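Below is one structure, written out as structure tokens, with a few remarks after it.
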Amino acid sequence: MPSPRFLIGLVLVLVVCVATAYVLTQRGKDDPGTTTTAQPITVTCLGGSEKKELMADPEVRQLLKDRYGLTVVFNPLGSYDQVQLSADELAKKKADCLWPSSASAQNVFEKLHPGAYPQYRAENLLQSPEVVYAGPQGTDALIKAGIVTQRDNRYFIVDMKKLLLDHVLKRTTWESLGATKLRGPIAVSSTDAAKSNSGFTMAQLQLNIIATDNAFEAPSLAQARKVLGTVRAVYDAQGLQAAGSDTGFQQWLTQGAEFHSPLYAGYENQLIQLMAQPGVDSASVLTNVRVLYPEPTIYSDHPILALNDNAIRFQDAMKDPQLQGIAWRKYGFRSVQLGVSKVADFPKLPLAENIRTTQPPNAEVTLALLACVSESKCS
């Protein structure tokens, strides 16, 4: 019979072995280099063009593959184009998930496809506020007019209603505000609201302001129908617009910034992504670009609409804190996880920590606005 001392030693060895195995397992979960044992799969996702660079990032692709066994085929498509595809069209495109750029687009999809996907799950993982890009001369003119104010080196459009009703709709000129080097009527340019979410989000914000007495209130369908023609007139006045958010912002910068369009609606993340690129002269960019935060603005959510279990696996993978950190530090998408997105990470950029927001309209109003800008059905 083994001695008590031998038995005690054997128990201690077993305890050490179990503890070591546990520690190694936990380390493996936290080690970015750990290879998953999950079955490798490929997920096809249709998503907004502003996320194209994020999903092409080598580090993101490697993390998804090594840690979660995922290869993601990302096909850019406008938010409202993707959510209005029929089930047959989605099947032809082999879509496992959609990744639009707004909660409104998600609501439209759910209204048009009730019960079509038993495994359907939607979850917002990234977000970016709608901002208005401007130049120094236009910004100074709006400050003198009492429409923009500066707080701690951050710029805020404190009177969007005055900007829209007294200037954009009345087509007053920049010269009338003292911006003598800027030409033409005051307008807020954007991507094509009929095709791109950044442009459509600005149209939603304009609708909220024009249709209601309170800019922090989304209009009812009855309120919206009374002013859709006015919103359409604002849309028409812009002329030819870029179809995608990523190309639209680049065109605005390369074609002269404020000398091309004194005010340009886009996402906050577009400037952050530009400034995070190697070799970009941040001082030169910030000499010509101002970020104006409308009060209120609308947050563009970026929900993943998972149509099956494979897409749910991708959805869960994108919650990874390391992936969320990359999305913020390299591409400017604010995380829905607390503590990930800190404006202090970009000390050279005048980013707002706290932003006043309003809610976008519901699905019925959104569809009516979409029909107005895309098909001229504004009655």
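Over the stretch 244-288, with a single point scatterer placed on each C-alpha, what log10 of the ratio I(q)/I(0) does the Debye formula yield at q = 0.18, 0.22, 0.30, 0.32 1/Å? For the stretch 244-288, the Cα-only Debye profile gives -0.52, -0.80, -1.33, -1.38. Rounded, prolate or oblate: which one fits the stretch 174-222, using the alpha carbon gyration tensor with axes a ≥ b ≥ c (rounded when a/c is under 1.5, else prolate when a/b beats b/c, else oblate)? Since a/c reaches 1.5 but b/c is at least a/b, the shape of the stretch 174-222 is classed as oblate. With protein chains left intact and a 1.4 Å probe, residues in the stretch 142-237 average 44 Å² of accessible area per residue.
How much of the calculated P(r) for the stretch 247-379 lies past 23 Å, in percent of all Cα pairs? Present the calculation step by step, with values, prior to reporting the outcome.
On the way: 4354 of 8778 pairs.
Here the tail beyond 23 Å accounts for 50 percent of pairs.
Rg/Rh for the stretch 121-246 stands at 0.97; both radii use Cα atoms, and Rh follows the Kirkwood definition.
Ordering of 61-70, 250-259 by packing is 61-70, 250-259, highest average first (other Cβ atoms within 10 Å, averaged per residue). In this structure, the amide hydrogen of residue 125, modeled 1.01 Å from its nitrogen in the peptide plane, lies closer than 5 angstrom to those of 302, 304, counting only residues at least 5 positions away or on a different chain. What the phi angles of the stretch 347-361 give under the Karplus curve with 6.51, -1.76 and 1.60, with θ = phi - 60°, is a coupling list of x, 7, 9, x, 8, 7, 6, 10, 10, 7, 10, 10, 8, x, x Hz, glycine and proline written as x.
Couplings 3J(HN,Hα) of the stretch 102-109, computed from phi: 6, 5, 4, 4, 4, 4, 5, 4 Hz, in residue order, whole Hz [Karplus 6.51 cos²θ - 1.76 cosθ + 1.60, θ = phi - 60°; x for Gly and Pro].
For residue 357, the residues whose amide H sits under 5 Å from its own are 297, ignoring neighbours fewer than 5 places away on the same chain, with H placed 1.01 Å from N. Each listed q (0.13, 0.17, 0.21, 0.28 Å⁻¹) maps to a log10 I(q)/I(0) for the stretch 118-185, found by the Debye formula over equal Cα scatterers with no solvent: -0.46, -0.66, -0.92, -1.38. Computed over protein heavy atoms with a 1.4 Å probe, the carbon and sulfur contribution to the accessible area of the chain reaches 54%.
Computed with every protein chain present, the accessible area of residue 49 is close to 30 Å² [probe 1.4 Å].
Quarter the surface of the alpha carbon convex hull of the stretch 329-376 and you get the mean projected area, 5.6 square nanometres.
Mean-square fluctuations from a GNM of the chain, with a 10 angstrom spring cutoff on Cα atoms, peak among 48, 244, 146 at 146.
Return the FRET efficiency for the residue pair residue 364, residue 143: r is the Cβ-Cβ distance, R0 is 41 Å, and the value is rounded to the nearest 0.05. List each step's numbers first, then the result.
On the way: r = 38 Å, r/R0 = 0.93.
Once the sixth-power term is evaluated, E becomes 0.60.
For the stretch 33-75, just say rounded, prolate or oblate: build the C-alpha gyration tensor, square-root its eigenvalues into a ≥ b ≥ c, call rounded for a/c under 1.5, and beyond that prolate if a/b exceeds b/c, oblate if not. Provide the component values of the computation, followed by the final result.
Details: a/c = 4.18, a/b = 1.69, b/c = 2.47.
Oblate.
Rank 378, 45 by accessible area, highest first, at a 1.4 Å probe radius? Intermediate results must be reported in sequence, preceding the final value.
Values: 378 25, 45 0 Å².
Sorted descending by solvent-accessible area, the residues read 378, 45.
Averaging 1/r across all pairs of distinct Cα atoms in the stretch 212-267 and inverting the result yields a Kirkwood radius of 13.6 Å.
Relative to the 2.2 N^0.38 Å rule of thumb, the chain has a C-alpha radius of gyration ratio of 1.17.
Spin-label model, residue 237/residue 213: points 7 Å from Cα along the beta carbon direction are separated by 2.5 nm. With every protein chain left in place and a probe of 1.4 Å, what is the accessible surface of residue 152, to the nearest 10 Å²? Accessible area, nearest 10 Å²: 130 Å². For the options 37, 212, 230, a Gaussian network treatment of the chain with springs between C-alpha atoms closer than 10 Å singles out 37 as fluctuating the most. Annotation for residue 286 and residue 52: the two label points, set 7 Å from Cα along the Cα-Cβ direction, are 2.9 nm apart. How would you classify the stretch 301-352 from its alpha-carbon gyration tensor, with a ≥ b ≥ c the square roots of the eigenvalues: rounded for a/c under 1.5, else prolate if a/b is greater than b/c, otherwise oblate? Note, shape of the stretch 301-352 comes out prolate.
Phi angles of the stretch 44-60 translate, via the Karplus equation with coefficients 6.51, -1.76, 1.60 and θ = phi - 60°, into HN-Hα couplings of 9, 10, 8, x, x, 4, 5, 9, 4, 5, 4, 7, 8, 4, x, 5, 5 Hz per residue; Gly and Pro are given as x. Surface analysis of the stretch 261-379 yields an accessible area of 38 Å² per residue, using protein heavy atoms and a 1.4 Å probe.
Between 245, 176, 261, the residue with the greatest mean-square fluctuation in the GNM of the chain (Cα pairs under 10 Å linked by springs) is 176.
Normalised Debye scattering of the stretch 51-196 at q = 0.14, 0.18 Å⁻¹ gives log10 I(q)/I(0) of -0.87, -1.05, counting only Cα atoms as equal scatterers and leaving out solvent.
The values are calculated or read from the model by the stated rules, or taken from the named source; none is laboratory data. This one's a predicted model, so the numbers in the text were calculated from it and none came from an experiment. Cβ: placed from backbone, ideal geometry, glycine included. Neighbour counts: every protein chain shown. We work out accessible area using only protein heavy atoms, side chains counted, and drop any ligands, DNA or RNA first. Shrake-Rupley method; radii C 1.70, N 1.55, O 1.52, S 1.80 Å.
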